[in-house]
Amino acid sequence: MRIALFGGSFDPPHVAHQMAALWAIATARADRVLWVPCHRHAFGKQLAEFHDRFEMCVRAAAFLGERGEVSRVEEQIGGESRTLMTLLRLREERRGASFTLLIGADLVEERTRWAGYDEISRIAQFLVIGRQGAPRPGQADSPPLPAVSSTSIRARISRGEDVSQLVPAAVLDHVRARGLYGWRT
């Protein structure tokens, strides 16, 4: 089983996240995409509650059917989320699986500064998703995806602007029902 580990804040997950996951499956780079919302951001970023981000990931990944899965592994580990700890835990839980880290082109330069990078790169390969406006487009394995960002989506929601073309409908339903990001009715 080839698993593309797709970690992130997912605050909220958006259509470019779905495109990245679909690309990994459709081009046979992975048999399954495992979405892993971070428990607590390693750089102190303020995030929506884990249970909300987990539920939004479940809704975003649903279009992949059994080839998309969402994991609570970082919640189970607890504390600040670290890629190495996540990989080590998943290797124990899913013996025989091979792991690829699905990352955006905007993270290529910083990954060498991740805690345990040398071990991470021995355990898993990197699959780099191109993103419009991201540096170093030649380092991406995929064509550039639209420049959609969770930060701008949160800001637009807080201003009462329409984000229905940027966020999966099921995710937006959750945002609306929970009043996330300053949602106004």
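Applying the condition of being aromatic (Phe, Trp, Tyr) and over 17 Å from the mean Cα position of the chain (by Cα) to region 126-185 and asking which residue is most open to solvent (accessible area, probe 1.4 Å) yields Trp183. Applying the condition of being in contact (Cβ under 8 Å) with a residue 40 or more places away in the chain and in a strand (DSSP E or B) to region 15-35 and asking which residue is surrounded by the fewest Cβ atoms within 10 Å (Cβ to Cβ) yields Leu34. Taking region 129-145 as the region of interest, how many residues are modelled with pLDDT of 75 or more and touching a helix residue (DSSP H, G or I) at 6+ places or on another chain (Cβ under 7 Å)? Of the residues in region 129-145, 7 are modelled with pLDDT of 75 or more and touching a helix residue (DSSP H, G or I) at 6+ places or on another chain (Cβ under 7 Å). For first residues located in region 45-74 and open to solvent by 40 Å² or more (accessible area, probe 1.4 Å), partners that are among the aliphatic types (A, V, I, L, M) and lie 6+ apart or on another chain with Cβ distances below 6 Å form the pairs Val58/Val70; Arg59/Ala170; Arg59/Val171; Arg67/Ile25; Glu69/Leu34.
The number of residues in region 84-124 that are under 29 Å from Pro146 (Cβ atoms), in contact (Cβ under 8 Å) with a residue 12 or more places away in the chain and loosely packed, with under 14 Cβ neighbours inside 10 Å comes to 1. For Glu161, the conditions (1) assigned to a helix (DSSP H, G or I); (2) under 23 Å from Glu49 (Cα atoms) are fulfilled apart from (1).
The values are calculated or read from the model by the stated rules, or taken from the named source; none is laboratory data. Remember, predicted model here, so these are calculated numbers, not experimental data. Glycine gets a Cβ as well: all are built from the backbone with ideal geometry, and neighbour counts include every protein chain shown. To get the accessible areas, we keep the full protein, side chains included, count just its heavy atoms, and leave off ligands, DNA and RNA. Shrake-Rupley method; radii C 1.70, N 1.55, O 1.52, S 1.80 Å.
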